[in-house]
C-alpha cells in the first residue's frame, strides 16, 4: 500500500503540515509506505490552455507538452493506492500553488476542438483519498461560504479516488505557530489508518 500526499502549503511546519504528518504516521504504523510532496519544491508551470493534452481519446491522461515536474508527479500519484490532497484556504480558495497543480489536471479530460465542453476520462476509481483544508475562520463558516471542499474532492476523483474523506481545521490562524489540536489530531490519525486498511 502506497500513499502519496500533495501539499499546497507555503509554510512547512504549519497546520497543514502537522495534519498531514499525523495522517501519514498513522498510515505507516498500519503498514503503508508514504511519500509527502510539497508543491513549492516542484517545478510546475502554469497551464497555457493549449489543450494538447485533451485531444487524444482514451482513458489515460493526455500528454502535456510542458517540460516540468508535473508529468513525474502524476506518474507517482497514479502508482499510489491512496492520496492526500492538502491546502490552506487563502482568500476563500486554495493556495496559488495548489491552483496551478489543479489547472494542470485538465489532462484527465477529453476535449477535442469543436466540442462545446470537456468530458472527464474514464479513469478507474480505485484509490482512497483524504482532503485536508485549514482556514482562519471557523470551519463551518468556511465550508458554507466557499467551494473549496468541492474543488479539492473533485480533484481527488480526477486522480482516481472513489471517495474522499475530509479533515477541515478551522480557526487555524490565531497565532503564528498554531497547533492542530487534539480533536483534529485524533481525526487525522483515524483517517490515516483508514487509508492504509
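Conditions first: (1) farther than 22 Å from residue 44 by Cβ; (2) in contact with a strand residue (DSSP E or B) (Cβ under 7 Å, 6 or more places away or on another chain); (3) not in a loop (DSSP other than H, G, I, E, B). Residue 129 passes all but one, so which condition is the exception?
(1)
Any idea which residue in the stretch 82-98 is nearest to residue 123 (Cα to Cα), counting only those that are part of a helix (DSSP H, G or I) and touching a residue at least 40 places away in the same chain (Cβ under 8 Å)?
Filtering first and then ranking leaves 98.
Among residues belonging to the stretch 50-73 that are part of a helix (DSSP H, G or I) and without any contact (Cβ under 8 Å) to a residue 60 or more places away in the chain, point out the one that is farthest from residue 24 (Cα to Cα).
Of everything passing the filter in the stretch 50-73, 52 is farthest from residue 24 (Cα to Cα).
Residue check, residue 103 against (1) touching a strand residue (DSSP E or B) at 6+ places or on another chain (Cβ under 8 Å); (2) surrounded by fewer than 16 Cβ atoms within 10 Å (Cβ to Cβ); (3) farther than 26 Å from residue 196 by Cα; (4) modelled with pLDDT of 95 or more, all met but one. Which one?
(1)
When the residues of the stretch 18-38 are filtered to those that are farther than 24 Å from residue 126 by Cβ and in contact with a strand residue (DSSP E or B) (Cβ under 7 Å, 6 or more places away or on another chain), which remaining residue is surrounded by the fewest Cβ atoms within 10 Å (Cβ to Cβ)?
Only one residue tops the list, namely 38.
Among the residues of the stretch 83-92, is any over 28 Å from residue 174 (Cβ atoms), surrounded by 15 or more Cβ atoms within 10 Å (Cβ to Cβ) and under 17 Å from the mean Cα position of the chain (by Cα)?
Scanning the stretch 83-92 turns up at least one residue that is over 28 Å from residue 174 (Cβ atoms), surrounded by 15 or more Cβ atoms within 10 Å (Cβ to Cβ) and under 17 Å from the mean Cα position of the chain (by Cα).
Check off (1) outside any helix (DSSP H, G or I); (2) over 30 Å from residue 79 (Cβ atoms) for residue 144 and give me the number that stays unchecked.
Status for residue 144: all satisfied but (1).
The values are calculated or read from the model by the stated rules, or taken from the named source; none is laboratory data. Worth saying up front: this structure is predicted, and the values here are computed from it rather than measured. Note that each Cβ is placed from the backbone with ideal geometry, even for glycine, and that neighbours are counted across all protein chains shown.
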